[in-house]
Amino acid sequence: MSEPVVEVKHLRKEFDGTVAVADVSFCVGRGEIVGLLGPNGAGKTTTLQVLLGLTTHTSGTVRMFGKELRSHRVEILQRCNFSSAYAALPTNLRVWENLRLFARLYGVRDSAAKLGFLLELFEIKHLKDKVTGHLSAGESTRVNLCKALCNDPELLLLDEPTASLDPDIADKVRRILRQIQREKGISMIYTSHNMREVEAVCDRVVFLHKGMVIAEGKPQQIIDRFQRSSLEEVFITVARSGDVLDGSGTNTG
Amino acid sequence: MSWTRISALALRYTLLYKRSVPRMIELFFWPTMDLLVWGYVTLYLQRLYATAQSPSAGMGAITFLLGAMIFWDILYRAQQGVTLSFLEDVWTRNLLNVFVAPIRIEEFILATYLVGIVRIGVTLVALIGLAWLLYQFNLLAMGFALIPLFINLLLMGWAMGMITTGLIMRWGQAVEALAWGVPFLVQPLAAVFYPVDVLPRWVQPISHALPATHVFEGMRQVLAGGPFPTAHLLWAFGLNVAYLVLAAWWFRRMYERARDKGLLAKLGTQ
Ligand SMILES: Nc1ncnc2c1ncn2[C@@H]1O[C@H](COP(=O)(O)OP(=O)(O)OP(=O)(O)O)[C@@H](O)[C@H]1O
Ligand SMILES: [Mg+2]
């Protein structure tokens, strides 16, 4: 495999004594979609926030595109983008104004054409002139995704991107993400509590529990390893007995 | 009409105050600041009246008040340009998206400086025009001295903006009221509407440590027909450089603290 896009080693993050991430190591290869799974409070969002430079880590190393995050934050962020169900775009601007603004922040050339294409892709061209705050949750999620793709990122970080989408749109979004990943070779880190979605989208998953990686591998490998019939069952098993399982599923793949 | 319902609602709104220090402080803070400012204005006017040789002497003070009003607004808008821009992103839950974009914190600050200039530009045109139309008060008659005086207010406004934004970054929306509170905490001290020597003697050194004080003293000197206020401007500028360096250091520190504590993400999504 060529040099990984993301290389996290022994990442640890403490917030005033609370250990949010205890010891997490994983890699993301070029063009790979990696799912970060785990129960509430496992440390998924914190891990993403560290990768985005929003939060500084306590110890460990984070390298992205072969560069140390601490010393190359802006350069790295230029090649990434992010979307979350929990972060909004300015609600008082129109959709189009918002997208133009972010295209500018990312230094996108020919942004009108690029954004037009993305709006078309997510089937929200008609929302272009709407005030962002008036959109439904699912509509603004799709606008967020347009923003997240505006700079042709090489790495896309998605925190529960489909959390508020109806099943039909969620399916479309998954297919679009898959398609973009195939065509452009984008790498993605994806958190979701929808295990069927994770099985469908992710090439590989990293299972976190209490800030530790307790299993890692292709979805099917993990299902087999835990002798369950679906990722959802694995999740429930892991969530309810994470301490006991600690180590049993690690690093066998 | 039901007394039970009315009292239940009233209780709901007063209970807020019991557990919120900022709300309690606000209850005292604004009226106290107002009282201080208008108290000293009164003292100043009384002094003028007592020492006036002719009835027209009072007119000078009225002109000072109008000039001070307009000058004050520059300081206030510059500070608000920085702080409200940041708060705008907090209120619209957009902070996260802005801070994960490839921007440097210095770029963010410079952008908010520009917002301050735009805000001031709009306000100034309106105020100068209105003062002239309604009161035949022509601020532009102050001439060239206006420019360095304005610039010094702008610089101090930026420094105050960085300090308040740093506070909000670190302590979150609980201290949001500081965005408006800090300038008005400075107001009685900065000798905006009256000369420094109206203030109690022990307060005067504190007052002189503020760049704005020298700007307002300089403004009064020019409005009274005095010479170009070189000494006041040098003091203001020197202090401003020190304040800006300090404010930038403080802001960066608070930004690093906020990143360490994961507060940027929290502020941006709650
Ligand atoms: N800024 C913070 N200050 C203090 N503790 C925090 C902070 N952010 C997260 N935590 C704690 O760190 C732990 C991990 O939180 P995180 O948000 O990463 O979990 P998550 O895996 O994303 O959970 P969820 O599935 O609920 O989104 C939690 O126990 C949380 O309370
Ligand atoms: Mg989360």
- Query: Considering protein heavy atoms only and a 1.4 Å probe radius, which residues within the range A:91-108 exhibit an accessible-area decrease of no less than 50 Å² in the full assembly relative to the chain by itself?
  - Reply: A:LEU105
- When you look at the Cβ of every residue in A:80-86, what mean number of other chain Cβ atoms sits within 10 Å? 4
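Could you work out the helix-only [θ] at 222 nm for the protein assembly as shown, with each DSSP H run of four or more residues adding -39,500 (n - 2.57) and the total divided by the number of residues, to the nearest 500 deg cm²/dmol?
Details: 20 runs with 306 residues, N = 523.
-19000 deg cm²/dmol, from helical runs alone.
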- Item | Per residue, the convex hull volume that the Cα atoms of the protein assembly as shown enclose (Å³) | 222 Å³
- Item | Centre separation in Å (Cα based) which lies between the range A:1-78 and the range B:164-211 | 42 Å
- Message: In the range B:21-269, if the dipole is taken from +1 on Lys/Arg beta carbons and -1 on Asp/Glu beta carbons about the Cα centre, which of B:PHE86, B:ASN138, B:ASN97 is farthest to the positive end?
- Response: B:ASN97
- Restricting things to alpha carbons, find the Rg to Rh ratio for the range A:1-62 using the Kirkwood radius for Rh. 0.97
- Message: With +1 assigned to the C-beta of every Lys and Arg and -1 to the C-beta of every Asp and Glu, and no other charges, what is the dipole magnitude of the protein assembly as shown about the Cα centre in debye, to the nearest 20?
- Response: 300 debye
- Query: When we measure straight from the Cα of A:LYS218, which lysines land under 27 angstrom away, once same-chain ones fewer than 8 places off are left out?
  - Reply: A:LYS9, A:LYS13, A:LYS44, A:LYS67, A:LYS172, A:LYS184, A:LYS210
- Note on the structure: Within the set B:ALA190, B:ALA177, B:ALA212, GNM on chain B using Cα springs under 10 Å gives the largest fluctuation to B:ALA177
- Checked the range B:119-218 against the a/c 1.5 cut and the a/b vs b/c comparison, axes a ≥ b ≥ c from its Cα gyration tensor; verdict oblate
- Solvent exposure ordering (accessible area, 1.4 Å, most first) of B:TRP38, A:TRP96, B:TRP202: B:TRP202, B:TRP38, A:TRP96
- What shape does the range B:1-153 take by its C-alpha gyration tensor, where a ≥ b ≥ c are the square roots of the eigenvalues and a/c under 1.5 counts as rounded, a/b above b/c as prolate, and the rest as oblate? oblate
- Accessible carbon and sulfur surface of the range A:24-80 relative to its total accessible area, %, 1.4 Å: 49 percent
- Task: Using a 1.4 Å probe and ignoring any ligands, DNA or RNA, find the accessible area of A:ASP168 and quote it in Å² to the nearest 10.
- Result: 80 Å²
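Inside 10 Å of the C-beta atoms of B:97-109, what's the mean count of C-beta atoms belonging to other chains?
Across B:97-109, the average partner-chain Cβ count within 10 Å equals 6.
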- What is the dipole size for the range B:21-269, taken about its Cα centre, with +1 at each Lys and Arg Cβ and -1 at each Asp and Glu Cβ, in debye to the nearest 20? 400 debye
- Quickly rank B:8-20, A:44-56 as a protection proxy: mean count of other C-beta atoms within 10 Å, highest first. A:44-56, B:8-20
- Task: Take chain A, connect every pair of alpha-carbon atoms lying under 10 Å apart with a spring to form a Gaussian network, then pick out the residue of A:SER111, A:SER136, A:SER187 with the largest mean-square fluctuation.
- Result: A:SER136
- Item | Shielding by partners - mean other protein chain Cβ count within 10 Å, residues of A:47-56 | 5
- Note on the structure: Per the C-alpha gyration tensor (a ≥ b ≥ c, the square roots of its eigenvalues), chain B is rounded if a/c is under 1.5, else prolate if a/b beats b/c, else oblate; here it's oblate
- Looking only at B:GLY161, B:GLY226, B:GLY116, which one moves most when chain B is put into a Gaussian network model with springs between Cα atoms under 10 Å? B:GLY226
- Task: Name the residue farthest towards the positive end of the dipole of chain A from the options A:ASN92, A:SER241, A:ILE186, assuming +1 on Cβ of Lys and Arg, -1 on Cβ of Asp and Glu, about the Cα centre.
- Result: A:ASN92
- Message: What number do you get for the range B:170-215 when its Cα radius of gyration is normalised by 2.2 N^0.38 Å, N = residues?
- Response: 1.37
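The values are calculated or read from the model by the stated rules, or taken from the named source; none is laboratory data. Small disclaimer: the values here were computed from a predicted structure and weren't measured. Positions of Cβ are backbone-derived with ideal geometry, glycine not excepted, and every protein chain shown enters the neighbour counts. What goes into the accessible areas is simple: the full protein's heavy atoms, side chains included, and nothing from ligands, DNA or RNA. Shrake-Rupley method; radii C 1.70, N 1.55, O 1.52, S 1.80 Å.
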